[in-house]
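Each reported figure results from applying straightforward, stated rules to the coordinates on display, with no laboratory input. These numbers were taken from a predicted model, which means no experiment stands behind them. For neighbour counting, all protein chains shown are included, and Cβ atoms are generated from backbone atoms with ideal geometry for every residue, glycine included.
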Amino acid sequence: MNSVLNIGLDVGSTTVKIIVLDDKKNIIHSKYLRHFSNIKDTVVLMIEEAKTMMIGHTLTLMVTGSGGFNISQKLGVPFIQEVIACTNAIKIVIPNTDVAIELGGEDAKITFFGEAIEQRMNGTCAGGTGAFIDQMASLLQTDAPGLNELATNYQNIYPIASRCGVFAKTDVQPLLNEGAAKEDIAVSVLQAVVNQTISGLAQGRPIRGNVAFLGGPLHFMSELRQRFIQTLKLEKDNV
């Protein structure tokens, strides 16, 4: 009897992710790519790259993500809303989580776990998300990894608005004109993301206990995670 491979495809606002699990839930393949608005070709590329390991196996496939519904319709496979998919995964993989903070390309979410699960998500504005970080990085003539690297050597943190990229630019540009260190501006941008997430989504509800950091920006940007950890005063065992 052929073994079963379980495939998850997450089509987000800026990236596509694929993961392949064996029947014991071991990860045997994963990939993360920016799609630059070329979703169809990126999905085809990722499936083609994983195709050889799928031969001879029974497959299950489920699609999620803000751009995943149309893909699921074209492929004729099930679609699951991303907040539900994420919540289900947390319950299985990290069941002791009290709060999950997830930053995506153009959205931000907080999920409070407990007797009743409460989920909060930003609206149509991409302030305080991966797109906001990319926009601010371009002002410093770098990219998100470069912004993260700059932030490792900061000395000062300046107040920067993160609710809107336009407002943030009016804070960042004068700092550049006045000769502020790029390292300080970089960490200030990350702190602005933290402040926006806590004030805009948590809205006064305490973020405490075991906190999971999810999504591309929080996975790849160590200094962004560190700003959250310090601001929330989290212990190492709570992350």
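Can you classify segment 112-239 as rounded, prolate or oblate using the Cα gyration tensor, where a ≥ b ≥ c are the square roots of its eigenvalues, rounded means a/c under 1.5, and otherwise it's prolate if a/b beats b/c and oblate if not? It would help to have the intermediate numbers written out before the result.
Working: a/c = 2.09, a/b = 1.60, b/c = 1.30.
Prolate.
Rounded if a/c is under 1.5, else prolate if a/b is larger than b/c, else oblate: which is segment 1-130, with a ≥ b ≥ c the root eigenvalues of its Cα gyration tensor? Walk me through the intermediate numbers first.
Working: a/c = 2.22, a/b = 1.30, b/c = 1.70.
Oblate is the answer for segment 1-130, as a/c is 1.5 or above yet b/c matches or exceeds a/b.
If the chain between residue 178 and residue 66 were fully stretched, how many nm would it gain, using 0.36 nm times the residue separation less the Cα-Cα distance? Present the calculation step by step, with values, prior to reporting the outcome.
On the way: separation 112, 0.36 × 112 = 40.32 nm, distance 3.99 nm.
Taking 0.36 nm per residue and subtracting the Cα distance, the gain is 36.3 nm.
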Estimated inter-spin distance, residue 57 and residue 199, nm [label 7 Å along Cα→Cβ]: 4.7
Calculated FRET efficiency for the pair residue 121/residue 22, C-beta based, R₀ 30 Å, to 0.05: 0.40
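Using the 10 angstrom Cβ neighbour count as an exposure proxy, how do 94, 47 rank, fewest first?
Values: 94 12, 47 16.
Ranking 94, 47 by Cβ neighbours within 10 Å, fewest first, gives 94, 47.
Please give the contour-minus-distance gain from residue 41 to residue 80: 0.36 nm per residue of separation, less the Cα-Cα distance, rounded to one decimal in nm. Don't skip to the answer; put the middle values down first.
Details: separation 39, 0.36 × 39 = 14.04 nm, distance 2.15 nm.
Stretched fully, the residue 41-residue 80 segment lengthens by 11.9 nm.
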Inter-label distance, nm, simple model (7 Å from Cα along the C-beta direction), residue 167/residue 30: 3.5
Phi-based couplings in Hz for segment 6-17 (Karplus 6.51, -1.76, 1.60; Gly and Pro marked x): 9, 10, x, 10, 10, 9, x, 6, 10, 9, 10, 10
Vicinal HN-Hα couplings computed from phi for segment 175-185 (Karplus, 6.51 cos²θ - 1.76 cosθ + 1.60; Hz; Gly/Pro x): 4, 5, 5, 8, x, 4, 5, 4, 4, 6, 5
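Given segment 4-80, what percent of its DSSP beta bridges are antiparallel, to the nearest 5? Let's see the in-between values first.
On the way: 13 of 21 bridges.
Just about 60 percent of them are antiparallel.
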Between 0 and 90°, nearest 10: helix 39-54 axis offset from the chain longest Cα axis: 50
Per-pair calculated FRET efficiency, R0 = 45 Å: residue 239 and residue 2 via Cβ, rounded to 0.05: 0.70
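Please state the shape class of segment 165-214: rounded when a/c is under 1.5, otherwise prolate if a/b exceeds b/c and oblate if not, all from the C-alpha gyration tensor. Provide the component values of the computation, followed by the final result.
Details: a/c = 3.72, a/b = 2.20, b/c = 1.69.
Prolate.
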Pairwise centroid distance, computed over Cα atoms, of segment 128-201 with segment 42-79, Å: 36
Over the chain: helical MRE at 222 nm, DSSP H runs n ≥ 4 each giving -39500 (n - 2.57), nearest 500: -12500 deg cm²/dmol
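Using DSSP, restrict attention to beta bridges with both residues in the chain and report what percent are antiparallel, rounded to the nearest 5. Mind showing how you got there, number by number?
Numbers: 22 of 34 bridges.
If I count the DSSP bridges inside the chain, around 65 percent turn out antiparallel.
Past the 31 Å Cα-Cα mark, which pairs from 109/236; 40/236; 40/233; 182/233; 109/169?
Values: 109/236 22 Å; 40/236 40 Å; 40/233 42 Å; 182/233 26 Å; 109/169 24 Å.
Violating the 31 Å limit, Cα to Cα: 40/236; 40/233.
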